[in-house]
Amino acid sequence: MDPSVSKKRAGAATAAADLTDDLIIEILSRLPVKSICRFKCVSRHRRGLISHPEHRMKLPQTLSGFFYPRYLRNHEDEITTIPDFVSISRAEEEELPFPDPSLSLPGYWYIRPVDCSGGLLLCSCWKVNPRDEHNYVVCNPAADKWVVLPEAPDDHSLVSTIRICFNSAISSHFHVFQFLEEDQYGYITGLNIYSSVTGAWSHKENGWGEVVPVDSRGVFMNGILHLISHESTVLTVDTEGKTWRTIPVLECMGFENFCKGVVAFLGQSQGRLCYMNTRKHITSKISVWMLEDYSADLWVFKYNISTSQIFGEVDLMMERDYALIAMHPEANVIFFVWKCEDVLMSYDMDRGKVSVICSLTEPMYDAFLPYLPYVPFFHGLADQD
């Protein structure tokens with residue numbers, strides 16, 4: 001190696017070593033999450049520097065783990081539910097980004113997490129007194145803050161789906177969508193939207209026509225909520241309920257199971273909408289599609305994944321033997337829960353690498369528990385600002 005090059009590298013290393021921790025954090029706060037993750041892997045000191053509670057508040061965050069409902073018996077021998085958390089980090093010394101995964105909301109004996117977006121967790125809660133009184137509560141676990149939502153307008157419709165939408169890069173305020181349905185065929189009749197800007201609900205008439213959303217997590221991207229429908233389309237609506245749209249999918253992207261409905265998963269990664277599905281006669285393969293051109297509804301095929309490569313078994317079926325629960329927001333990595341072994345797994349689609357993250361403490365029997373991907377947000381709640 002050229003001696004001058006070696007000298008320059010040594011000088012750069014010395015200059016980097018002279019930087020204070022505060023200056024390093026200031027530099028890192030201006031970098032994308034991917035760069036911070038690489039920096040974190042260099043040494044134990046740098047991992048500790050980034051994981052420090054005061055420093056984490058200044059840095060962009062990425063997927064930390066999953067919230068899920070844990071069942072237990074209370075002192076009155078009733079079966080109740082509290083939130084629990086499973087981390088995707090294997091570093092034993094790394095602290096959780098919140099003080100208490102169970103949230104411990106005062107005055108509630110039943111707390112079930114139902115959705116998560118941008119670091120905010122939406123919970124369905126029943127009061128200690130009176131026992132028959134219910135609230136939806138929006139929590140920020142990292143900031144240890146919560147907001148109890150007022151009751152939504154009651155027009156005697158059934159609530160089919162409820163979702164929370166929040167992205168701090170777009171707004172400091174969150175929205176909660178409550179989809180209403182008729183009781184005969186499940187068609188959407190309207191939508192209630194709670195806005196933390198006004199602290200109130202508003203009602204909007206259905207703008208999609210006769211559709212039935214699949215009971216699965218939605219994707220909130222670019223200020224728009226996206227859901228899969230039983231008609232094998234992607235439904236979209238903005239936070240004001242003004243713009244309703246239907247994104248068609250290709251014929252080969254649709255497969256409906258008689259018992260489970262549409263066998264597909266909607267996610268997002270690196271700013272793109274991602275659709276994953278199995279085929280009718282090839283259930284051992286998972287097809288991965290990306291919406292490359294959003295305005296033109298252009299889906300592009302990206303990956304074909306063999307489930308036998310992931311699980312080491314054949315004839316496994318999505319939503320029967322395993323469930324897709326998330327796609328990593330910064331990488332082409334998908335996360336599964338496998339019912340047979342009660343484990344949380346990941347699969348790197350670029351490297352073809354399978355990883356078992358951990359065993360799950362809550363066994364899966366008939367239905368899959370909701371495992372809600374969580375990205376920490378350390379700056380409170382808009383309703384409390």
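The values are calculated or read from the model by the stated rules, or taken from the named source; none is laboratory data. Keep in mind that what you see is a predicted model, and the values were worked out from it rather than measured. When we count neighbours, we look across all protein chains shown, and the Cβ atoms used for this are built from the backbone with ideal geometry, even at glycine. What goes into the accessible areas is simple: the full protein's heavy atoms, side chains included, and nothing from ligands, DNA or RNA. Shrake-Rupley method; radii C 1.70, N 1.55, O 1.52, S 1.80 Å.
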Any residue at all in region 112-127 that's over 19 Å from residue 217 (Cβ atoms), over 19 Å from the mean Cα position of the chain (by Cα) and in a loop (DSSP other than H, G, I, E, B)? no
Would you tally the residues in region 104-132 being of a type in the set (S, T, N, Q) and closer than 18 Å to residue 371 by Cα? 2
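Yes/no matrix, rows are residues, columns are (1) closer than 30 Å to residue 124 by Cα; (2) modelled with pLDDT under 90; (3) out of contact with any Leu (no Cβ under 9 Å at 6 or more places or on another chain):
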{"residue": "321", "(1), (2), (3)": "yes, yes, yes"}
{"residue": "326", "(1), (2), (3)": "yes, no, no"}
{"residue": "330", "(1), (2), (3)": "yes, yes, no"}
{"residue": "336", "(1), (2), (3)": "yes, no, no"}
Subset of region 268-282 (residues that are modelled with pLDDT under 95, farther than 11 Å from residue 228 by Cβ and in contact with a strand residue (DSSP E or B) (Cβ under 7 Å, 6 or more places away or on another chain)): 268, 269, 272, 278, 279
Checklist (1) free of Cβ contacts under 8 Å to residues at least 40 places away in the same chain; (2) open to solvent by 10 Å² or more (accessible area, probe 1.4 Å); (3) of a type in the set (A, V, I, L, M) applied to residue 345, failing item: (2)
Go through region 134-156 and report how many residues are closer than 27 Å to residue 85 by Cβ, part of a loop (DSSP other than H, G, I, E, B) and open to solvent by 30 Å² or more (accessible area, probe 1.4 Å). 1
Filter result (part of a strand (DSSP E or B), under 16 Å from residue 164 (Cβ atoms) and open to solvent by 20 Å² or more (accessible area, probe 1.4 Å)) within region 209-235: 220, 224
Flagged in region 322-364 as under 21 Å from residue 285 (Cβ atoms) and in contact with a helix residue (DSSP H, G or I) (Cβ under 9 Å, 6 or more places away or on another chain), in numbering order, are 322, 336, 338, 340, 341, 345, 347, 352, 354
State yes or no: is residue 159 of a type in the set (A, V, I, L, M), touching a Leu at 6+ places or on another chain (Cβ under 9 Å) and surrounded by fewer than 17 Cβ atoms within 10 Å (Cβ to Cβ)? yes
Quick one: in region 175-200, of everything that is open to solvent by 30 Å² or more (accessible area, probe 1.4 Å) and free of Cβ contacts under 8 Å to residues at least 40 places away in the same chain, which residue is nearest to residue 243 (Cα to Cα)? 189
